[in-house]
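Down below is the structure, laid out as C-alpha cells.
The values are calculated or read from the model by the stated rules, or taken from the named source; none is laboratory data. Note that the structure is predicted; figures quoted are calculated from it, not measured. Here Cβ is always computed from backbone atoms with ideal geometry, including for glycine, and neighbour counts include all displayed protein chains.
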Amino acid sequence: MIVSIDYESDTPLYTQLYDEIVRGIASGRLESGENLPSVRSLAGDLGINLHTVNKTYQLLKQEGFVHIHRQKGAVVQAAGSLPVTDAFRARMDRKLESLASEALCRSMREEEFLDRCRSAYRSIRPQAKDTHEGGKEQ
C-alpha cells in the first residue's frame, strides 16, 4: 500500500493517513476485501506512532470504510457501498463552506470553484461511471 504523508504539514498525521486510505478505496487502488497492513507494520513503514495508525483505523471503522477482524485485521469495504448519511452531508457542507469562504476572499469566480470541485471528484475515478450520484440514504 502506497501512502503519501507530509511530515511538515499542519494537517495531523492520522487525518492525512485517513484521507489517503479513503482516496485509495474510492479510486480502486484498495479493493473490497483487501487487508490493510497491520497497525505495527504500517506504523513502522511510515515511521509514525502505533497509536496514530490505530486512531486512523478506528476512524475508518467508525465511518464504515473498513471492518476490523481479530485474525484478518482491517479489511476494506467496497467503494460505493456506504450510504450518504446526514452526518456525512453535514461534514461535507462544513468543509465546502470553508473552502468557498476562502475562495470568495480571494475573489475566485464561482465557475472556477465549481470546476475545481468537479475536477477533484472526477480525478479520483476518471474511468468509472458516476455510480455514487444520489448516493444511498440511511
Inset, instruction - Collect the residues in region 1-58 that are within 15 Å of the chain's Cα centre (by Cα) and of a type in the set (Asp, Glu), keeping them in residue-number order. - result: Asp19, Glu20, Glu31
Legend entry - Hits in region 1-28 - residues which are under 17 Å from Val75 (Cβ atoms) and either exposed (fewer than 14 other Cβ atoms within 10 Å of the Cβ) or of a type in the set (Gly, Ala, Ser) (or both): Gly24, Ala26, Gly28
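Residues are listed down the side, and each one gets a yes or a no for (1) outside the structural domain of Asp115 (by TED's automatic domain parsing); (2) of a type in the set (Lys, Arg):
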{"site": "Val22", "(1), (2)": "yes, no"}
{"site": "Ser27", "(1), (2)": "yes, no"}
{"site": "Leu30", "(1), (2)": "yes, no"}
{"site": "Asn35", "(1), (2)": "yes, no"}
{"site": "Ser38", "(1), (2)": "yes, no"}
{"site": "Gln58", "(1), (2)": "yes, no"}
{"site": "Val66", "(1), (2)": "yes, no"}
{"site": "Lys72", "(1), (2)": "yes, yes"}
{"site": "Ser101", "(1), (2)": "no, no"}
Inset, instruction - Please enumerate the residues belonging to region 7-22 that are in contact with a Leu (Cβ under 9 Å, 6 or more places away or on another chain) and assigned to a loop (DSSP other than H, G, I, E, B). - result: Tyr7
Legend entry - The one condition in (1) farther than 29 Å from Glu110 by Cα; (2) at pLDDT 95 or above that Glu20 fails to fulfil: (1)
Legend entry - Residue match in region 84-91 (condition: surrounded by 11 or more Cβ atoms within 10 Å (Cβ to Cβ), over 26 Å from Ile2 (Cβ atoms) and over 15 Å from the mean Cα position of the chain (by Cα)): yes
Inset, instruction - Could you check, for region 27-36, whether at least one of its residues is at pLDDT below 95 and in a helix (DSSP H, G or I)? - result: yes
Legend entry - Conditions (1) on the phi < 0 side of the Ramachandran plot; (2) in a loop (DSSP other than H, G, I, E, B); (3) surrounded by fewer than 15 Cβ atoms within 10 Å (Cβ to Cβ); number of the one not met by His51: (2)
Inset, instruction - Within region 54-74, identify whether any single residue is out of contact with any Phe, Trp or Tyr (no Cβ under 6 Å at 6 or more places or on another chain), surrounded by 11 or more Cβ atoms within 10 Å (Cβ to Cβ), among the polar types (S, T, N, Q) and touching a residue at least 24 places away in the same chain (Cβ under 8 Å), and answer yes or no. - result: no
